[in-house]
Amino acid sequence: MTVRPFVPYPDKRLRTAAEPVAEVNETVRMIWDDMVETMDAMPGYGLAAPQIGIMLRLAVVDCSDKRGQAVKMANPEVLHASVQTRRHDEASPNLPGVYAMIERPRAVTVRFLNETGEVEERDFVGLWATSVQHQIDHLNGRMFVDHLSPVRKKMLVAKAEKLRKRG
């Protein structure tokens, strides 16, 4: 397993929808393993493949109290989202040094291909739901800052650019 480097904002891959995964095979499993290793090294609650430059609809999420409970998903899609919402600070290693309070549905039902290549539907609640939605946004070429007002988004992106230039 390998910790992979993050694609820096404003790389166009972060604004491009990822390609569907045709099947779960050994290559996909190896990518997932690297993604989990990379996510744990951040540390973070989730990671989408485009964040590390792989333009496939792959995501991993682990919001457990102890690591090692990662859910690995190919082609995840939200089937149902709760009306009740939840606010949580979100960030991205692609925009280091910035974060914002984002409001999303508190619970979602997601369909995806699991590690064995079978279609699975699973309910996610709380932080798990937030992270899954955040990763699906990345797979669709969106970032957490896209949920903010244009002024707030511009301010955060400028801050990230300033931090990046300082290196």
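The values are calculated or read from the model by the stated rules, or taken from the named source; none is laboratory data. If you're wondering where the values come from, they're calculated on a predicted model, not measured in any experiment. Cβ: placed from backbone, ideal geometry, glycine included. Neighbour counts: every protein chain shown. Just the protein is used for accessible areas: all its heavy atoms, side chains included, with ligands, DNA and RNA removed. Shrake-Rupley method; radii C 1.70, N 1.55, O 1.52, S 1.80 Å.
Details
- Extent along the principal axes, Cα only, for region 127-166: 32, 22, 20 Å, with the longest axis given first.
- Rg/Rh, computed from the Cα trace of region 19-68 with Rh as the Kirkwood radius, has the value 0.97.
- Per residue, the chain exposes 52 Å² of solvent-accessible protein surface, assessed with a 1.4 angstrom probe and all protein chains in place.
- The apolar share of the surface of the chain, taken as the fraction of accessible area on carbon and sulfur atoms (1.4 Å probe, ligands and nucleic acids excluded), comes to 52 percent.
- Shape summary of region 93-167, radius of gyration then Dmax from alpha carbon positions: 15.3, 46 Å.
- Converting the Cα gyration tensor eigenvalues of region 1-147 into ellipsoid dimensions via √(5λ) gives semi-axes, longest first, of 20, 19, 15 Å.
- Checking the cross-link pairs K66/K162; K12/K153; K12/K154 against a 29 Å limit on the alpha carbon distance flags K66/K162 as lying beyond it.
- Region 30-146, relative contact order in percent, only Cα pairs under 8 angstrom and at least six apart counted: 24
- Neighbours of A129 by Cβ distance under 10 Å: Lys/Arg scored +1, Asp/Glu scored -1, total +2.
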